[in-house]
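The values are calculated or read from the model by the stated rules, or taken from the named source; none is laboratory data. Bear in mind that the values here come from a model prediction, so they are computed numbers and not experimental data. Cβ placement follows ideal geometry from the backbone for every residue including glycine, while neighbour counts extend to all protein chains displayed. Just so you know, the surface numbers come from the protein's heavy atoms only, side chains and all, with ligands and any DNA or RNA stripped out. Shrake-Rupley method; radii C 1.70, N 1.55, O 1.52, S 1.80 Å.
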Amino acid sequence: CACVCVCMRTYVRVCTCLHVCMCACLGMVPDDSICSSMPVHYSKFGKGLMPLIQQGLANGDPDVDAIFRLTRKEAGKKIKITFDGAAPPVALPPFLMTPFNSQNTLFHYQALWGMLIPITTTFRVCDIWRGYWAQRLNWEVGGTLTFSTASVYQDRNEHDFTLDYADELDLYKDAGRLVKFLVRWKPPRGARGFFDVARALSTDMAANGFWKSGDVDLVNAWIADLLSVGYKEPALFSHVDVSSVFAGKATFQPKSGITCK
């Protein structure tokens, strides 16, 4: 989908066909277009890629970053978002990334390894960094990340947004650098299987300062645990031309009156 943009914790709009206004993308989407109901033109996926990681959105007060809450939220009022229930799911092709968190997310068997949460980052960074790491490895097994319309309602606990902001600083200053690193990263020659690729990426992320050596040790221990309980290592996927997975065009007309206040 051509409507995707990277931001801090989740999306301003995963795609306009989901009618998402989940967090502040700081200038990437004009204020008057966030809740627009313009028709959306997108490409449909055919065969060749599998939706191995699927995140459902959340109505009500979903997980957004502290900058959004400090700049777009009225004091003393909760955020109340209602997504268009008729919106089709959105799948991201390889080499296109977005943050996703640990809430309302399904990991298929072939992506079970992706449920690991880092331990050397701050609390509000850990699941987002995991999401980027998992997306990059997901491409190696022929998987895609998908988003579907809201299937849960969240009534969020009270937070100190200033403390949340301080805890999220690495997201604001390093998310772009991490995405560029992951898109350019290539598995080492001679990797004997997917888990070798996962170990190599984890090591390189530590070497580039995205997390610390403790997370490299954690990945190694996690892989060992998975194998010890009989988990089958996913097969590596031969990369395909991204354009070959598309199967025609479609248009979606979002409903008017979707709320995002």
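Considering (1) more than 20 Å from the chain's Cα centre (by Cα); (2) in a loop (DSSP other than H, G, I, E, B); (3) under 23 Å from Val219 (Cα atoms), the lone condition that His159 does not fulfil carries the number (3). The set of residues in the stretch 152-185 being among the acidic types (Asp, Glu) and buried (at least 16 other Cβ atoms within 10 Å of the Cβ) consists of Asp164, Asp167, Glu168, Asp170, Asp174. Applying the criterion of being of a type in the set (Gly, Ala, Ser) and surrounded by 19 or more Cβ atoms within 10 Å (Cβ to Cβ) to the residues of the stretch 23-70, the residue that is modelled with the lowest pLDDT is Ala24. Residues in the stretch 63-103 that are among the β-branched types (Val, Ile, Thr) and farther than 21 Å from Gly176 by Cα: Thr71, Ile79, Ile81, Thr82, Val90. Taking each residue of the stretch 133-144 that is farther than 16 Å from Gly176 by Cα and among the charged types (D, E, K, R) and looking for partners that are assigned to a loop (DSSP other than H, G, I, E, B) and open to solvent by 10 Å² or more (accessible area, probe 1.4 Å) with beta-carbon atoms closer than 8 Å, six or more apart or interchain, yields Glu140/Pro187; Glu140/Leu236; Glu140/Phe237.
Only residues that are surrounded by 21 or more Cβ atoms within 10 Å (Cβ to Cβ), of a type in the set (A, V, I, L, M, F, W, C) and in a loop (DSSP other than H, G, I, E, B) were counted in the stretch 71-115, giving 4. Kindly establish whether Leu171 is of a type in the set (A, V, I, L, M) and at pLDDT 95 or above. It is false that Leu171 is of a type in the set (A, V, I, L, M) and at pLDDT 95 or above.
Within the stretch 163-202, being assigned to a helix (DSSP H, G or I) and acidic (Asp, Glu) holds for Asp164, Asp167, Asp170, Asp174, Asp196. Screening Thr259, Thr203, Thr149 for residues that are of a type in the set (Val, Ile, Thr), modelled with pLDDT of 95 or more and open to solvent by less than 80 Å² (accessible area, probe 1.4 Å) leaves exactly one candidate, Thr203.
In a residue-by-residue description of the stretch 130-144, the property of being surrounded by 19 or more Cβ atoms within 10 Å (Cβ to Cβ), among the hydrophobic types (A, V, I, L, M, F, W, C) and more than 16 Å from Phe210 (Cβ to Cβ) applies to at least one position.
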